[in-house]
Amino acid sequence: MVNCAFADTTFATLKAYVYFPKVTISHTPIKTISAETRLLKPKISVEFGREGYSSATANVLYYTDKDSTVRTALDDELTIYNNNEFYIALPELAESVSSVHYKIRIIAVNDSGVTTEAYYPDSNVSADEYIEALVASSATAEVNASDGGTVEYSDGNQEYSGTTVTFDPGSVSGSGSVIIEEISLDDLFAAFFPVSGYARSAALKAVKTVATSDIDKNKMLTAYKVYTTGGININTQGYATFSYGSSGSTATKFDVLYSADGSTWEYVKVTSVDTENKTVSCDISNFGYYLIMVSSNLNDSDYRPAKRVRIKSRISNGTYEGFRFGNLVEGDTVKIYNLNGKKIAELTAGDTNGFVWKGRKDTNNSGDWAESGTYVYQIKVKEKGKIISGTIAFVW
Amino acid sequence: MFAAVQSVQAAFVDTYWGVRALGMGGAYTAVGNDANAPLYNISGIAFANQQEVTLMGSRLFAGVDGVEISANYFGYIYPISPEWGAISFAWSSTAVPGLRREDTFNVGYARTLNDILRIDSDFVELSAGVNAKYLMQETKFDEEDKDLESSKGAMTADIGFMALFSNGIGIGYSSKYLVPADIGYLEKDEVKNVNVLGLSYYNDMLPYVKIPYFTIAADILFRDNETTLKLGAESYLLNRKLAIRLGGREEAFDFGFGYSFEFSNNTVLTADYAFEMPLKIKESYGSHFISLSFKF
């Protein structure tokens, strides 16, 4: 993280002082943008430096290798406040674009209405000194036996964590480059899953090795190839954290499958899941393909909301989101009934926030607030052909 | 049959109060004159001529895996005299173990009005009543909200009126939660006022179809901008020992029966059962209600 500070100036008059805000912008430069998602979404945090200053606005200036015109990511500036942490996404990049240069701009306003501008990386940089992010699908790092090493692949979206593979000292022999390559699902299907229609894999957990024809294509989220161009052998194991943020999945339970060549796959034990940063971690013992999927071994509790009591005001002020129903996909539904048996709300696929009941009536939280009460939910899981029910309490 | 209407109700508006009433679909505002009556229309107890106590237990939405909800009700009425009227005590509770419960504690008073209004005719009997209620909700909060008090309670009141005509027609009106009762944990959450208009018709032997001791009833509930229609019917067979009941609303239909055992000292023990089949909630074997009532 790098901090840049600008425009800290005080003008004295005989009877009054006019303070200009000191604006500190924190941001970790994005070096790579996924060739799959083609999304640059920097995470930015801003401090104004002194109390008493009012709001500021933010935007990202950018140009591409195909269009040298400097544009703004947002048509309307984003209003921010002191100590805000926020994201600004550029429009999706065209297929022909291979690099983006960008700069962050903050326009702060002091109490007297005087504005000052601050930039990251610098106010004075010329356009060719903007931060450069390359559209890429891989990242490389050197790894050796004595020091180990870490490869980091960022997809350009800082709302979620990237993918990393780490080898501790002594865990490998030899030295050379280790590469993480993001594999598009289309490429994966074309190479290894050419037949349309795939069997459910729910019953296959007991069998370690899985044929490609037994893997449910609809559950695939993202895939990576981890390989070496040098003479590295994995002696013990490495540690991988795979990002599935680009999939937009709201699932909470995942499988990781490994294949050396794509012909057969085997389950790798998932060591942790971070649904906030959208990553799945596991140990890796071999170079090859790693496929991240929504788990095919879900039980009823994986669909139920983890929190059974939510309070209206704490949903409305953002303390928490509501009742989140996990691992549901398009075609599944959640219906909410009051104790008179009246349906008061319904969640369907297509809700951009996933299946979260925020205490509002009608479809996908489109109505007024529901009243305090105990409610019965019924989750219809299309794939399983079953209904999962339970009770929740929504109070004011 | 149950045309109409919208009913989006939540806190303190489920009406699982008394098995006889539930067997009639909850259409009880112009019917009740027993220990089931206080929470439907308190004025009905003015027509009771014996003490009565009733105790109900239930299981809602049985068969729905993962759903365990019970509704319980206790009612007691004591007719003091025609001049002094009748009093009642009632308690109802709807609970999900480990999650949330709602309790209503109720004290009621009702009296006939004919003498006060100097109505000598037998054409109509009038009554009025009032309830004082304490509403309490108790919630088991998750970890991040554990700083909140789990219980919130507030007082409120109901009023009710009933007119029973000699031709068998009954009209009832009940206005519930008249005093704003704020039960909110973090913000104002007043239980909404409910106005119910009830109509009923009773005949010892319904003409043409010859159904004995027949009652048919309808309740129309007005709450906020919502309206709910409830319909119900009842007949007594076997020299009034066996009761058969039917009823329903938009979300459910109801069926019930009861059997009374009469003892020599003018006391009556009645066992009642009601079944309610939800029409929207899936995989339920229905809600089941049983009660024992004793008149003495």
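With respect to the conditions (1) surrounded by fewer than 18 Cβ atoms within 10 Å (Cβ to Cβ); (2) closer than 19 Å to A:Ile284 by Cβ, A:Glu159 falls short on a single one, namely (2).
How about region B:53-70: which of its residues are touching a helix residue (DSSP H, G or I) at 6+ places or on another chain (Cβ under 9 Å) and either more than 11 Å from chain A (Cβ to nearest Cβ) or at pLDDT 95 or above (or both)? Within region B:53-70, B:Thr54, B:Met56, B:Ser58 qualify. Screening A:Ile388, A:Ile392 for residues that are in contact with a Pro (Cβ under 7 Å, 6 or more places away or on another chain) and closer than 22 Å to B:Leu279 by Cβ leaves exactly one candidate, A:Ile392. The single condition among (1) within 22 Å of A:Val46 (Cα to Cα); (2) out of contact with any Pro (no Cβ under 7 Å at 6 or more places or on another chain) that A:Ser98 does not satisfy is (1). Condition check for A:Glu266 on (1) charged (D, E, K, R); (2) touching a residue at least 40 places away in the same chain (Cβ under 8 Å); (3) surrounded by fewer than 17 Cβ atoms within 10 Å (Cβ to Cβ); (4) within 14 Å of chain B (Cβ to nearest Cβ): one failure, at (4).
Given the options B:Phe257, B:Phe294, name the one that is more than 30 Å from A:Gly390 (Cβ to Cβ), in contact with a Leu (Cβ under 6 Å, 6 or more places away or on another chain) and in contact (Cβ under 8 Å) with a residue 40 or more places away in the chain.
Among B:Phe257, B:Phe294, only B:Phe294 is more than 30 Å from A:Gly390 (Cβ to Cβ), in contact with a Leu (Cβ under 6 Å, 6 or more places away or on another chain) and in contact (Cβ under 8 Å) with a residue 40 or more places away in the chain.
Scanning region A:293-331 for residues that are more than 14 Å from chain B (Cβ to nearest Cβ) and either basic (Lys, Arg) or part of a loop (DSSP other than H, G, I, E, B) (or both) yields A:Ser295, A:Ser296, A:Asn297, A:Leu298, A:Gly326, A:Asn327, A:Leu328, A:Val329, A:Glu330, A:Gly331.
Scanning region A:332-350 for residues that are within 9 Å of chain B (Cβ to nearest Cβ) and not in a strand (DSSP E or B) turns up A:Asn338, A:Leu339, A:Asn340, A:Gly341, A:Lys342.
Take the residues in region A:78-131 that are of a type in the set (Phe, Trp, Tyr) and outside any loop (DSSP other than H, G, I, E, B), then tell me which one is farthest from the chain's Cα centre (by Cα). Among those residues, the one meeting the criterion is A:Tyr119. Of everything in region A:357-379 that is facing another protein chain (nearest Cβ under 8 Å) and under 30 Å from the mean Cα position of the chain (by Cα), the residue that is nearest to A:Asn218 (Cα to Cα) is A:Gln378.
Going through region A:218-264 one residue at a time, which ones are within 29 Å of A:Ser173 (Cα to Cα) and aliphatic (A, V, I, L, M)? The answer is A:Ala223, A:Val226, A:Ile232, A:Ile234, A:Ala240, A:Val256, A:Leu257, A:Ala260.
On inspection, A:Tyr239 qualifies as surrounded by fewer than 17 Cβ atoms within 10 Å (Cβ to Cβ), within 22 Å of the chain's Cα centre (by Cα) and in the same structural domain as A:Ser161 (by TED's automatic domain parsing).
Residues in region B:35-51 that are under 15 Å from the mean Cα position of the chain (by Cα), outside any loop (DSSP other than H, G, I, E, B) and of a type in the set (A, V, I, L, M): B:Ile42, B:Ile45. Residue count for region B:54-100 under the criterion of being touching an Asp or Glu at 6+ places or on another chain (Cβ under 6 Å), assigned to a strand (DSSP E or B) and crowded, with 21+ Cβ neighbours inside 10 Å: the result is 2. Within region B:122-151, which residues are within 14 Å of chain A (Cβ to nearest Cβ), crowded, with 20+ Cβ neighbours inside 10 Å and part of a strand (DSSP E or B)? The answer is B:Leu135, B:Gln137, B:Thr139.
Can you go through A:Ala118, A:Ala127, A:Ala108, A:Ala133 and tell me which one is in contact with a His (Cβ under 9 Å, 6 or more places away or on another chain) and at pLDDT below 90?
A:Ala127
The values are calculated or read from the model by the stated rules, or taken from the named source; none is laboratory data. Not measured: the values here are computed from a predicted model. Using ideal geometry, Cβ is built from the backbone for each residue, glycine included, and neighbour counts are taken over all protein chains shown.
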